[in-house]
Every structure is written in structure tokens, then in C-alpha cells.
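Asker: Pasting a structure here, questions to come.
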Amino acid sequence: MTFNDLGLSAELLRAVSEQGYSEPTPIQAQAIPLVLSGRDLLAGAQTGTGKTAGFTLPMLQKLSQKSVAGKRTPRALVLTPTRELAAQVAESVRRYGKYLPLKSVVIFGGVKPGPQIRQLHNGVDIVIATPGRLLDHVQQGNVDLSRVEIFVLDEADRMLDMGFIHDIKKIQQQLPKQRQNLMFSATYSRDIRRLASGLLHDPATVEVARENTAAETVSQRIMPVDKKRKSELLSHLIGANNWQQVLVFTRTKHGANRLAEYLEKSGLSADAIHGNKSQAARTRALRQFKAGKTRVLVATDIAARGLDIDQLPHVVNFELPQVAEDYVHRIGRTGRAGHEGEAISLVCVDERKLLRDIERLLQRDLPREVMPGYEVDPCIKAEPITKGKGHRAPRRHSAGGRAGAKKSSARTARSGHGQRKKNSQRPGRYRSQAAA
Ligand code: AMP
């Protein structure tokens with residue numbers, strides 16, 4: 001199967017071939033003809049499968065086939081859970097649509113609304129947005145969504161996790177009844193199925209596993225180490241192996257900052273990316289990292305969600321995530337598009353239970369490797385896990401959302417860091433661990 005077989009226009013094929021893609025990924029091969037045919041779509045696919053082009057290419061084609069007279073109003077709306085993902089989708093729209101006369105705008109919070117308002121007033125065909133800021137624009141009359149023909153909900157499961165369900169519903173009310181709906185989700189919880197049944201009309205379903213599932217192209221290792229020596233071991237690993245591009249996950253924003261500072265002091269260029277950083281700082285950190293100017297990017301889960309960094313060779317879990325599924329998301333940042341990747345988790349005695357949860361989810365044990373000189377001190381015992389201290393309850397998909405939240409936390413959810421933000425600010429043992 002080639003892109004030529006999918007019924008795409010010459011302009012799109014040209015843009016795709018400039019990207020160097022030789023053949024469509026499975027999600028693209030399945031989704032593109034379905035979307036072109038006008039059907040609603042429920043797609044089980046996560047980042048890394050090529051899903052963005054799977055909806056962007058046919059969306060661009062459909063929009064470009066119809067010429068509209070007068071001022072442009074949005075005809076396609078893509079909602080994403082995070083600013084980073086919105087920016088990445090917008091970049092894909094620009095790249096694939098470079099030979100088409102369509103205008104797009106990306107809308108998210110954390111930046112001044114002025115330029116967004118100007119772009120909206122000048123007229124756009126495609127809006128890529130996170131829910132909170134889009135609703136602000138709707139309420140202020142800056143955007144009219146009543147002529148949207150294609151509505152895409154990207155990473156719908158993340159949207160629910162982050163409490164965006166009410167925002168989605170409010171946005172849905174702004175859309176015309178007659179439209180095409182595409183929904184992407186990596187998981188199918190009951191809430192996702194409920195959302196899908198309210199949104200989609202007789203949808204075609206497409207499901208693909210990650211093209212490069214962790215098991216195939218990511219080598220995973222556990223390095224037992226005392227928590228006080230994690231920073232030291234990390235800088236040793238990076239230096240001794242001469243790693244040039246490493247994404248490191250910490251559990252807290254505070255921990256991410258501390259670790260980035262430590263690595264800088266050790267002579268390794270490092271930056272942190274998390275929800276407390278301004279959008280400009282996050283974008284800059286990501287750009288420098290992608291360009292190879294920063295060697296280590298330390299990130300919290302939310303900030304890293306959906307990050308698309310080509311061929312990332314190394315991911316390190318400085319701390320294990322509290323939710324086992326996040327481990328899979330984290331290591332999904334490496335070994336992409338068929339390239340080999342390596343994921344190393346630095347695990348201290350306190351994290352044994354988290355490791356067990358992950359291994360249960362993966363249905364296999366991960367290999368252990370002790371770094372000589374960093375052997376675990378057997379005298380150090382795990383800190384007792386007390387309720388309400390550090391251990392967060394497993395994520396609930398129905399997440400009460402913003403409606404039930406107080407105003408301040410509603411704002412937080414808007415910025416794309418809803419529940420997590422609250423949790424990561426909780427005092428508890430993970431805090432002190434991150435500071436180790
Ligand atoms: P996504 O799942 O949309 O985030 O895409 C994951 C990565 O795969 C991105 O870096 C894309 O640029 C890349 N990609 C998308 N489609 C293809 C393709 N057909 N062949 C090779 N790489 C692709």
C-alpha cells in the first residue's frame with residue numbers, strides 16, 4: 001500500500017513525500033479512506049502510530065475540495081488535551097497543508113490571547129485548540145463554531161482524565177448537528193464508550209496497536225539504586241555512555257527543576273519542562289532539546305504527554321509513575337517509527353510496589369541490572385506507605401471535571417494540568433524523594 005492508493009490529492013501527496021514517508025502506517029491506511037468517505041470514526045490509536053496524519057490528511061483534502069465565499073469561519077475543529085499536542089497537530093496541519101490555500105490557527109492557554117483573536121477575526125478554516133482557551137474565545141464572541149464540518153477529538157481518554165468532559169460538552173453545543181466526528185483514544189474505558197456513543201453517528205472503528213510496541217523496539221531495564229544516589233547515577237549513565245539526547249521523567253515539578261539544576265552543575269546541559277513553566281519557556285525547552293542543543297530534558301508526565309520527538313534514543317524514569325499505564329506512555333517516547341530505543345528506570349526500595357504494578361500491566365518481569373558502585377544499601381528499608389501521603393488513588397476517568405471544581409482548580413484544569421497538578425503538589429514521600 002502506498003499513499004497514492006489512498007485517494008489523496010496531488011498537493012497532499014507532494015507534502016507527504018517531502019516528509020520522507022514511503023508508505024502509510026496502519027492507522028493511516030485504514031482511517032484515511034474512511035474519513036474521505038465522510039464517515040464518523042472511532043479510532044483506538046495512541047501517539048506514535050501516525051494518527052495525526054491519519055486525520056489531518058483527509059481533513060485537509062475534504063476542506064480544500066469545497067471553496068467558500070466570503071469571510072472564512074472554522075470548518076474543522078481539532079481538540080487536544082495539552083498545549084504541546086495542540087502545537088504538534090498544528091505543525092502537522094501546516095506541513096501537510098503547505099500546498100493548499102487553507103488557514104489554520106492554534107489556540108491554547110498560557111499565552112496572550114491577542115494574536116489568537118487577531119487570527120480568528122481575520123478568518124481561519126481550521127482551529128486546533130485545547131478546550132479551556134477555546135471556550136474563552138467562544139464566550140467572548142471571537143469565534144463562531146456553527147459552521148464546523150469536521151470535529152476531531154484527539155486523545156479523548158486524556159481529555160477525560162484531565163477533567164475536560166464538561167468543556168467538551170459545552171463546545172459540542174456550539175457545533176452544528178450535521179458534521180463529521182472523529183475520535184481518537186488510546187484506551188476504551190466505559191466513559192470513553194459513553195462519550196463516543198453521544199458524539200459519533202454510526203462510526204467506523206479502527207484499532208491499531210502501536211506500530212513499534214514497547215516490547216519490540218524498546219529495550220527496558222530496571223536499575224535498582226538508593227534514592228539518594230539517583231541523581232549521581234543518572235549523570236554517570238549519561239556521561240559514561242555519552243548519551244546525547246535523553247528524556248528524563250520525574251514525578252513532581254519541583255523534582256524536575258532540582259534534577260535539571262543538578263545535571264547542569266554536573267556539566268550536562270539540561271532543562272525542565274512542566275506545568276509551572278510558561279508556555280514560551282516550555283516551547284523553547286522543547287525546541288532546544290529537539291535541535292540537540294540541550295542534552296537532557298527533564299519532564300513531568302503531563303508536560304511530556306504526546307510529545308513527538310523523532311527517534312528519541314533514551315528515556316529514563318528517574319522515578320516510577322504512580323499509575324502503571326503512564327510507564328507505557330513514558331517509554332513510548334523512545335523507539336519510535338521503527339528505531340531502537342532504550343528505557344531505564346531507576347528504582348529505589350520505596351518504589352517496589354509501583355514496579356510490581358507495572359510488571360503486572362506488562363505481564364512480564366523487566367530485567368534488573370545493578371550498576372557497579374551503585375549497589376543498594378540493604379539497611380535502607382522502604383518507607384511505610386500511609387494513606388493520603390504521596391500515593392494517589394488510581395485515575396478515575398469520570399473525574400468530576402471542572403464543573404464540580406472550585407474556580408481556582410477549574411483554571412488549573414483549563415491549563416491542561418487539572419488533577420495531576422493538585423496531586424503533584426500534595427506533600428508526601430514522593431516530594432522528599434524527588435528532592436533526593
Ligand atoms: P503521531 O502518532 O501522529 O504522533 O506520529 C508519530 C510520528 O510518526 C511522527 O513523527 C510522524 O512524523 C511520523 N509519521 C507519521 N506518518 C508516517 C509515515 N507514514 N511514515 C513514517 N513516519 C510517519
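The values are calculated or read from the model by the stated rules, or taken from the named source; none is laboratory data. Since we're looking at a predicted model, the values are computed, not measured. Here the Cβ is made from the backbone with ideal geometry for all residues, glycine too, and neighbour counts use every protein chain on show.
Asker: Let me confirm something: among G306, G292, which residue is out of contact with any strand residue (DSSP E or B) (no Cβ under 9 Å at 6 or more places or on another chain), on the phi > 0 side of the Ramachandran plot and modelled with pLDDT of 80 or more?
Answerer: Sole residue among the options that is out of contact with any strand residue (DSSP E or B) (no Cβ under 9 Å at 6 or more places or on another chain), on the phi > 0 side of the Ramachandran plot and modelled with pLDDT of 80 or more: G292.
Asker: Still on this structure, please answer the following. Can you tell me which of K71, K98, K62 is in a helix (DSSP H, G or I), away from the ligand (no atom under 12 Å from the Cβ) and more than 20 Å from the chain's Cα centre (by Cα)?
Answerer: Going through K71, K98, K62 in turn, the sole match is K62.
Asker: Among (1) in a loop (DSSP other than H, G, I, E, B); (2) near the ligand (Cβ under 9 Å from one of its atoms); (3) among the charged types (D, E, K, R); (4) touching a residue at least 60 places away in the same chain (Cβ under 8 Å), where does E23 come up short?
Answerer: Every listed condition holds for E23 apart from (4).
Asker: Hey, which of the helices (runs of 4 or more DSSP H) in the stretch 125-226, taking only ones fully inside, have at least 3 residues that are in contact with a His (Cβ under 9 Å, 6 or more places away or on another chain)?
Answerer: Helices (runs of 4 or more DSSP H) meeting the threshold: 156-161, 190-199.
Asker: Can you name the number of the only condition in (1) within 12 Å of the ligand (Cβ to nearest atom); (2) assigned to a loop (DSSP other than H, G, I, E, B); (3) in contact (Cβ under 8 Å) with a residue 40 or more places away in the chain; (4) surrounded by fewer than 20 Cβ atoms within 10 Å (Cβ to Cβ) that R39 fails?
Answerer: Of the numbered conditions (1) within 12 Å of the ligand (Cβ to nearest atom); (2) assigned to a loop (DSSP other than H, G, I, E, B); (3) in contact (Cβ under 8 Å) with a residue 40 or more places away in the chain; (4) surrounded by fewer than 20 Cβ atoms within 10 Å (Cβ to Cβ), the odd one out for R39 is (1).
Asker: Quick one: would you say V89 is in a helix (DSSP H, G or I), crowded, with 21+ Cβ neighbours inside 10 Å and in contact (Cβ under 8 Å) with a residue 60 or more places away in the chain?
Answerer: Considered against the rule, which asks whether it is in a helix (DSSP H, G or I), crowded, with 21+ Cβ neighbours inside 10 Å and in contact (Cβ under 8 Å) with a residue 60 or more places away in the chain, V89 comes out as yes.
Asker: Okay, moving on. Among the residues of the stretch 344-376, which ones are in contact with a Phe, Trp or Tyr (Cβ under 9 Å, 6 or more places away or on another chain) and under 21 Å from V296 (Cβ atoms)?
Answerer: If the condition is that a residue be in contact with a Phe, Trp or Tyr (Cβ under 9 Å, 6 or more places away or on another chain) and under 21 Å from V296 (Cβ atoms), then S345, L346 are the ones that fit.
The rows are residues; the columns are (1) touching a helix residue (DSSP H, G or I) at 6+ places or on another chain (Cβ under 6 Å); (2) aliphatic (A, V, I, L, M).
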residue: A45; (1), (2): yes, yes
residue: V93; (1), (2): yes, yes
residue: Y99; (1), (2): yes, no
residue: S104; (1), (2): yes, no
residue: P115; (1), (2): no, no
